[in-house]
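Heads up: the structure comes next, in C-alpha coordinates.
The values are calculated or read from the model by the stated rules, or taken from the named source; none is laboratory data. On a predicted model such as this, the values are computed, not experimentally measured, just so you know. Reconstructed Cβ throughout: ideal geometry from the backbone, glycine too, with neighbour counts over all protein chains shown.
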Amino acid sequence: MIECIFTLDYEIYGNGEGSLRELVYEPAERLRAIFRKWNERFVLFVEVAEFEIMEAQGVDQTINLVKHQIQNFYREGFELGLHIHPWWYNARYENGGWLLDYSEYNLCTLPRERIVKIVDRSISYLRSVLGESDFTPLSFRAGNWLFQPTRTAAKVLADYGIKVDSSVFKGGFQYQHKLDYRRTLKNGYHWMFTDYVDTPDPEGKLLELPIYTQMVPMWEMLTKKRIGLQKKSPSTAQKGKNRLYRYLDFLRFYHPLKLDFCRMTINELTNLVDKIIQQDQKNPALFKPIVTIGHTKDLVDFETVESFLSYLEQKKITVSTFEEVYNKCKC
(Lines give C-alpha, C1' and ligand atoms only; values in the text may rest on other atoms or scores of the structure.)
Protein backbone atom coordinates (compact mmCIF):
# COMPACT_ATOMS: atom_id res chain seq x y z
CA MET A 1 0.00 0.00 0.00
CA ILE A 2 1.34 3.39 -1.05
CA GLU A 3 0.58 6.77 0.51
CA CYS A 4 2.19 10.02 -0.65
CA ILE A 5 3.19 12.79 1.77
CA PHE A 6 3.89 16.19 0.27
CA THR A 7 6.32 18.30 2.30
CA LEU A 8 7.15 21.95 1.63
CA ASP A 9 10.20 23.72 3.08
CA TYR A 10 8.85 27.21 3.80
CA GLU A 11 11.87 29.53 3.52
CA ILE A 12 13.93 32.04 1.56
CA TYR A 13 17.42 31.27 0.20
CA GLY A 14 19.88 29.85 2.74
CA ASN A 15 22.21 32.84 2.48
CA GLY A 16 19.43 35.29 3.35
CA GLU A 17 18.83 36.68 -0.13
CA GLY A 18 15.36 37.20 -1.53
CA SER A 19 12.06 38.62 -0.31
CA LEU A 20 9.51 36.87 1.87
CA ARG A 21 6.70 37.91 -0.43
CA GLU A 22 8.21 36.42 -3.61
CA LEU A 23 9.92 33.35 -2.14
CA VAL A 24 7.58 32.36 0.69
CA TYR A 25 4.18 34.03 0.91
CA GLU A 26 3.02 34.12 -2.72
CA PRO A 27 4.10 30.60 -3.80
CA ALA A 28 2.74 29.06 -0.60
CA GLU A 29 -0.58 30.86 -1.11
CA ARG A 30 -0.94 29.46 -4.62
CA LEU A 31 -0.03 25.94 -3.47
CA ARG A 32 -2.52 26.17 -0.61
CA ALA A 33 -5.27 27.04 -3.11
CA ILE A 34 -4.39 24.04 -5.28
CA PHE A 35 -4.46 21.59 -2.37
CA ARG A 36 -7.72 23.03 -1.03
CA LYS A 37 -9.21 22.60 -4.52
CA TRP A 38 -8.24 18.92 -4.44
CA ASN A 39 -9.30 18.63 -0.76
CA GLU A 40 -5.81 17.49 0.15
CA ARG A 41 -3.22 18.66 2.69
CA PHE A 42 0.56 18.81 2.90
CA VAL A 43 3.21 19.23 5.61
CA LEU A 44 4.56 22.78 5.90
CA PHE A 45 8.11 22.79 7.30
CA VAL A 46 8.30 26.28 8.81
CA GLU A 47 11.87 27.64 8.99
CA VAL A 48 11.28 29.49 12.23
CA ALA A 49 14.80 30.86 12.83
CA GLU A 50 14.88 33.18 9.82
CA PHE A 51 11.33 34.40 10.49
CA GLU A 52 12.03 35.24 14.14
CA ILE A 53 15.24 37.11 13.33
CA MET A 54 13.66 38.97 10.39
CA GLU A 55 10.79 40.05 12.60
CA ALA A 56 13.11 41.12 15.44
CA GLN A 57 15.27 43.24 13.12
CA GLY A 58 12.35 44.69 11.16
CA VAL A 59 13.88 43.94 7.77
CA ASP A 60 10.94 42.59 5.74
CA GLN A 61 7.43 43.72 6.65
CA THR A 62 5.92 40.78 4.76
CA ILE A 63 6.67 38.80 7.94
CA ASN A 64 3.24 39.85 9.21
CA LEU A 65 1.57 38.26 6.18
CA VAL A 66 3.74 35.17 6.62
CA LYS A 67 2.69 34.78 10.25
CA HIS A 68 -0.97 35.17 9.28
CA GLN A 69 -0.49 32.60 6.52
CA ILE A 70 0.99 30.10 8.97
CA GLN A 71 -2.06 30.58 11.18
CA ASN A 72 -4.36 29.96 8.22
CA PHE A 73 -2.50 26.80 7.23
CA TYR A 74 -2.88 25.48 10.76
CA ARG A 75 -6.59 26.35 11.00
CA GLU A 76 -7.27 24.64 7.67
CA GLY A 77 -5.73 21.33 8.72
CA PHE A 78 -2.31 21.56 7.09
CA GLU A 79 0.36 19.97 9.26
CA LEU A 80 3.13 22.23 10.56
CA GLY A 81 6.60 20.73 10.90
CA LEU A 82 9.67 22.24 12.56
CA HIS A 83 12.49 23.27 10.23
CA ILE A 84 15.60 24.98 11.63
CA HIS A 85 18.49 26.77 9.96
CA PRO A 86 20.50 27.41 13.13
CA TRP A 87 22.96 29.75 11.39
CA TRP A 88 20.23 32.42 11.55
CA TYR A 89 20.05 32.79 15.32
CA ASN A 90 23.17 34.96 15.59
CA ALA A 91 22.46 36.79 12.32
CA ARG A 92 22.44 40.53 11.84
CA TYR A 93 21.46 42.73 8.94
CA GLU A 94 24.14 45.16 7.75
CA ASN A 95 24.66 47.21 4.59
CA GLY A 96 21.71 45.69 2.79
CA GLY A 97 22.53 42.03 3.47
CA TRP A 98 22.52 39.34 6.11
CA LEU A 99 25.62 38.29 8.06
CA LEU A 100 24.92 34.70 9.09
CA ASP A 101 26.72 32.60 11.68
CA TYR A 102 27.92 29.60 9.69
CA SER A 103 29.80 28.27 12.73
CA GLU A 104 26.36 27.00 13.79
CA TYR A 105 25.50 25.55 10.38
CA ASN A 106 24.91 21.99 11.61
CA LEU A 107 22.64 21.79 14.65
CA CYS A 108 23.92 18.29 15.46
CA THR A 109 27.54 19.38 15.99
CA LEU A 110 26.66 22.02 18.60
CA PRO A 111 26.96 21.47 22.37
CA ARG A 112 23.87 19.94 23.98
CA GLU A 113 23.08 23.14 25.87
CA ARG A 114 23.04 25.11 22.63
CA ILE A 115 20.85 22.51 20.87
CA VAL A 116 18.37 22.68 23.75
CA LYS A 117 18.28 26.48 23.59
CA ILE A 118 17.72 26.50 19.82
CA VAL A 119 14.99 23.84 19.85
CA ASP A 120 13.23 25.50 22.79
CA ARG A 121 13.43 28.90 21.13
CA SER A 122 12.16 27.63 17.78
CA ILE A 123 9.16 25.82 19.22
CA SER A 124 8.37 28.81 21.45
CA TYR A 125 8.33 31.12 18.43
CA LEU A 126 6.02 28.79 16.51
CA ARG A 127 3.71 28.66 19.52
CA SER A 128 3.66 32.46 19.72
CA VAL A 129 2.79 32.72 16.01
CA LEU A 130 -0.11 30.29 16.45
CA GLY A 131 -1.19 31.70 19.80
CA GLU A 132 -1.15 28.20 21.28
CA SER A 133 1.13 27.70 24.27
CA ASP A 134 0.90 23.90 24.14
CA PHE A 135 1.47 23.38 20.39
CA THR A 136 4.17 20.81 19.61
CA PRO A 137 5.07 19.93 16.02
CA LEU A 138 5.01 16.22 15.26
CA SER A 139 7.87 16.36 12.75
CA PHE A 140 11.31 17.88 12.22
CA ARG A 141 13.58 18.50 9.24
CA ALA A 142 17.17 19.65 9.71
CA GLY A 143 18.66 22.55 7.79
CA ASN A 144 20.42 21.26 4.64
CA TRP A 145 19.23 17.78 5.74
CA LEU A 146 22.11 17.63 8.29
CA PHE A 147 21.03 15.16 10.97
CA GLN A 148 24.43 13.65 11.81
CA PRO A 149 25.91 13.06 14.34
CA THR A 150 22.43 12.14 15.50
CA ARG A 151 22.44 11.08 19.14
CA THR A 152 22.29 14.37 21.09
CA ALA A 153 19.98 16.29 18.77
CA ALA A 154 17.62 13.31 18.45
CA LYS A 155 17.31 12.99 22.22
CA VAL A 156 16.63 16.70 22.62
CA LEU A 157 13.94 16.63 19.93
CA ALA A 158 12.32 13.56 21.46
CA ASP A 159 12.36 15.23 24.89
CA TYR A 160 10.44 18.16 23.39
CA GLY A 161 7.79 15.85 21.95
CA ILE A 162 8.96 15.54 18.34
CA LYS A 163 8.11 12.06 17.01
CA VAL A 164 9.07 12.11 13.32
CA ASP A 165 12.20 13.12 11.44
CA SER A 166 12.29 13.65 7.68
CA SER A 167 15.84 14.85 7.12
CA VAL A 168 17.25 11.73 5.48
CA PHE A 169 17.39 11.29 1.72
CA LYS A 170 18.60 7.79 0.93
CA GLY A 171 22.02 7.67 -0.69
CA GLY A 172 22.79 11.25 0.36
CA PHE A 173 26.40 12.33 0.79
CA GLN A 174 27.98 15.74 1.50
CA TYR A 175 31.74 15.73 1.82
CA GLN A 176 32.00 19.18 3.39
CA HIS A 177 29.52 18.53 6.21
CA LYS A 178 30.36 14.85 6.74
CA LEU A 179 26.81 13.83 5.91
CA ASP A 180 26.57 10.22 4.81
CA TYR A 181 23.17 8.59 4.32
CA ARG A 182 24.41 5.87 1.97
CA ARG A 183 23.81 3.17 4.56
CA THR A 184 20.08 3.94 4.52
CA LEU A 185 19.80 2.48 1.02
CA LYS A 186 19.48 -0.89 2.79
CA ASN A 187 16.67 0.32 5.03
CA GLY A 188 12.96 0.06 4.34
CA TYR A 189 10.44 2.80 3.63
CA HIS A 190 10.53 3.93 7.28
CA TRP A 191 12.24 2.95 10.53
CA MET A 192 12.56 3.82 14.21
CA PHE A 193 15.95 5.04 15.43
CA THR A 194 17.79 6.21 18.54
CA ASP A 195 21.46 7.19 18.29
CA TYR A 196 22.06 6.92 14.54
CA VAL A 197 19.47 8.12 12.06
CA ASP A 198 20.79 5.69 9.44
CA THR A 199 20.49 2.64 11.73
CA PRO A 200 17.07 1.12 12.51
CA ASP A 201 16.30 0.51 16.18
CA PRO A 202 12.87 -1.04 16.94
CA GLU A 203 13.05 0.48 20.43
CA GLY A 204 13.82 3.97 19.16
CA LYS A 205 11.69 6.99 20.09
CA LEU A 206 11.87 8.73 16.70
CA LEU A 207 10.42 7.56 13.40
CA GLU A 208 12.36 8.29 10.22
CA LEU A 209 10.23 8.99 7.17
CA PRO A 210 12.91 9.71 4.56
CA ILE A 211 12.51 11.90 1.50
CA TYR A 212 12.05 9.39 -1.30
CA THR A 213 14.99 9.05 -3.68
CA GLN A 214 16.07 6.95 -6.61
CA MET A 215 19.75 6.40 -7.38
CA VAL A 216 20.45 7.57 -10.93
CA PRO A 217 23.53 8.30 -13.08
CA MET A 218 24.79 11.84 -12.63
CA TRP A 219 23.66 12.99 -16.09
CA GLU A 220 20.03 12.24 -15.23
CA MET A 221 20.25 15.03 -12.64
CA LEU A 222 21.14 17.56 -15.33
CA THR A 223 17.66 18.39 -16.62
CA LYS A 224 16.72 21.79 -18.04
CA LYS A 225 14.22 22.46 -15.26
CA ARG A 226 16.60 21.49 -12.45
CA ILE A 227 19.52 23.48 -13.88
CA GLY A 228 17.27 26.52 -14.36
CA LEU A 229 16.16 26.51 -10.73
CA GLN A 230 19.73 25.91 -9.58
CA LYS A 231 20.96 28.95 -11.54
CA LYS A 232 18.19 31.04 -10.03
CA SER A 233 19.55 30.41 -6.54
CA PRO A 234 22.19 32.94 -5.38
CA SER A 235 23.67 30.31 -3.06
CA THR A 236 25.12 28.45 -6.06
CA ALA A 237 27.92 31.00 -6.46
CA GLN A 238 30.48 28.84 -4.68
CA LYS A 239 34.15 29.64 -4.36
CA GLY A 240 37.34 27.98 -3.25
CA LYS A 241 36.88 25.10 -0.84
CA ASN A 242 33.10 25.06 -1.21
CA ARG A 243 33.41 24.45 -4.93
CA LEU A 244 36.00 21.73 -4.31
CA TYR A 245 33.67 20.01 -1.85
CA ARG A 246 30.88 19.98 -4.44
CA TYR A 247 33.21 18.41 -7.00
CA LEU A 248 34.12 15.73 -4.46
CA ASP A 249 30.42 15.05 -3.82
CA PHE A 250 29.89 14.43 -7.54
CA LEU A 251 32.74 11.94 -7.86
CA ARG A 252 30.22 9.11 -7.82
CA PHE A 253 28.54 7.36 -10.71
CA TYR A 254 25.12 7.24 -9.04
CA HIS A 255 23.40 10.08 -7.18
CA PRO A 256 20.16 10.28 -5.18
CA LEU A 257 17.38 11.92 -7.16
CA LYS A 258 14.87 13.30 -4.65
CA LEU A 259 11.17 13.06 -5.39
CA ASP A 260 10.94 16.84 -5.72
CA PHE A 261 7.63 18.18 -7.03
CA CYS A 262 9.21 21.59 -7.70
CA ARG A 263 12.33 20.48 -9.58
CA MET A 264 11.02 17.48 -11.51
CA THR A 265 8.86 17.46 -14.62
CA ILE A 266 5.53 15.65 -14.61
CA ASN A 267 7.05 12.84 -16.68
CA GLU A 268 9.89 12.42 -14.19
CA LEU A 269 7.47 12.37 -11.26
CA THR A 270 5.08 9.87 -12.80
CA ASN A 271 7.81 7.61 -14.15
CA LEU A 272 9.36 7.38 -10.70
CA VAL A 273 6.05 6.64 -8.99
CA ASP A 274 5.20 4.08 -11.68
CA LYS A 275 8.28 2.16 -10.53
CA ILE A 276 7.07 2.34 -6.92
CA ILE A 277 3.69 0.99 -8.05
CA GLN A 278 5.45 -1.95 -9.70
CA GLN A 279 7.22 -2.67 -6.40
CA ASP A 280 3.93 -2.39 -4.55
CA GLN A 281 2.31 -4.96 -6.79
CA LYS A 282 4.92 -7.48 -5.67
CA ASN A 283 4.23 -6.83 -1.98
CA PRO A 284 0.96 -4.88 -1.55
CA ALA A 285 0.73 -5.67 2.17
CA LEU A 286 3.88 -3.68 2.93
CA PHE A 287 3.08 -0.09 3.89
CA LYS A 288 5.01 2.35 1.69
CA PRO A 289 4.85 6.00 2.76
CA ILE A 290 6.47 8.07 0.00
CA VAL A 291 7.71 11.52 1.05
CA THR A 292 7.98 14.20 -1.61
CA ILE A 293 9.81 17.48 -1.08
CA GLY A 294 9.49 21.01 -2.43
CA HIS A 295 10.66 24.51 -1.48
CA THR A 296 8.64 27.70 -1.70
CA LYS A 297 11.67 29.38 -3.31
CA ASP A 298 11.55 26.76 -6.13
CA LEU A 299 7.78 26.77 -6.50
CA VAL A 300 7.07 28.24 -9.94
CA ASP A 301 5.52 25.37 -11.93
CA PHE A 302 2.05 24.96 -10.46
CA GLU A 303 0.71 23.13 -13.51
CA THR A 304 3.00 20.19 -12.73
CA VAL A 305 1.72 20.07 -9.14
CA GLU A 306 -1.89 19.89 -10.34
CA SER A 307 -1.01 17.23 -12.91
CA PHE A 308 0.79 15.17 -10.28
CA LEU A 309 -2.17 15.34 -7.90
CA SER A 310 -4.42 14.23 -10.78
CA TYR A 311 -2.08 11.33 -11.55
CA LEU A 312 -2.08 10.19 -7.90
CA GLU A 313 -5.88 10.27 -7.86
CA GLN A 314 -6.03 8.20 -11.06
CA LYS A 315 -3.64 5.65 -9.55
CA LYS A 316 -5.71 5.62 -6.32
CA ILE A 317 -2.72 6.70 -4.22
CA THR A 318 -3.78 8.48 -1.04
CA VAL A 319 -2.24 11.85 -0.23
CA SER A 320 -1.49 11.94 3.50
CA THR A 321 0.39 13.81 6.22
CA PHE A 322 2.85 12.52 8.80
CA GLU A 323 0.12 12.61 11.40
CA GLU A 324 -2.03 10.34 9.27
CA VAL A 325 0.68 7.74 8.61
CA TYR A 326 2.48 7.79 11.97
CA ASN A 327 0.55 4.99 13.66
CA LYS A 328 0.58 2.87 10.49
CA CYS A 329 4.37 3.01 10.52
CA LYS A 330 4.61 1.99 14.16
CA CYS A 331 2.40 -1.08 13.75
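A few remarks follow.
- Each residue in segment 173-212 was checked for being within 16 Å of residue 106 (Cα to Cα) and surrounded by 23 or more Cβ atoms within 10 Å (Cβ to Cβ), and 2 pass.
- For segment 260-269, the set of residues classified as assigned to a helix (DSSP H, G or I), surrounded by fewer than 19 Cβ atoms within 10 Å (Cβ to Cβ) and not aliphatic (A, V, I, L, M) consists of 267 only.
- Of the helices (runs of 4 or more DSSP H) lying entirely inside segment 140-259, those carrying at least 1 residues that are over 20 Å from the mean Cα position of the chain (by Cα) and at pLDDT 95 or above are 151-159.
- Any hit, segment 127-135, residues being within 18 Å of residue 9 (Cβ to Cβ) and either part of a loop (DSSP other than H, G, I, E, B) or modelled with pLDDT of 95 or more (or both): yes
- Residue in segment 126-145 that is surrounded by the most Cβ atoms within 10 Å (Cβ to Cβ), counting only those that are more than 16 Å from residue 49 (Cα to Cα) and of a type in the set (A, V, I, L, M, F, W, C): 138
- The residues of segment 277-331 that are surrounded by fewer than 13 Cβ atoms within 10 Å (Cβ to Cβ), in contact with a helix residue (DSSP H, G or I) (Cβ under 9 Å, 6 or more places away or on another chain) and assigned to a helix (DSSP H, G or I) amount to a single one, 303.
- Residues that are in contact (Cβ under 8 Å) with a residue 60 or more places away in the chain and touching a Lys or Arg at 6+ places or on another chain (Cβ under 7 Å) within segment 136-165 comprise just one, 138.
- When segment 35-86 is filtered for residues that are of a type in the set (Gly, Ala, Ser) and not in a helix (DSSP H, G or I), the ones remaining, listed by number, are 58, 77, 81.
- Tabulated pairs, segment 102-123, first small (Gly, Ala, Ser), second in a helix (DSSP H, G or I), C-beta under 7 angstrom, 6+ apart or interchain: 122/48; 122/49
- Of the residues making up segment 98-116, one or more are assigned to a loop (DSSP other than H, G, I, E, B) and more than 28 Å from residue 258 (Cβ to Cβ).
- Being of a type outside the set (Phe, Trp, Tyr), crowded, with 17+ Cβ neighbours inside 10 Å, touching a Leu at 6+ places or on another chain (Cβ under 9 Å) and in a helix (DSSP H, G or I) is true of residue 123.
- So residue 12, is it part of a helix (DSSP H, G or I) and within 20 Å of the chain's Cα centre (by Cα): no
- Of all residues making up segment 58-79, the number that are farther than 13 Å from residue 32 by Cα, exposed (fewer than 13 other Cβ atoms within 10 Å of the Cβ) and modelled with pLDDT of 95 or more: 2
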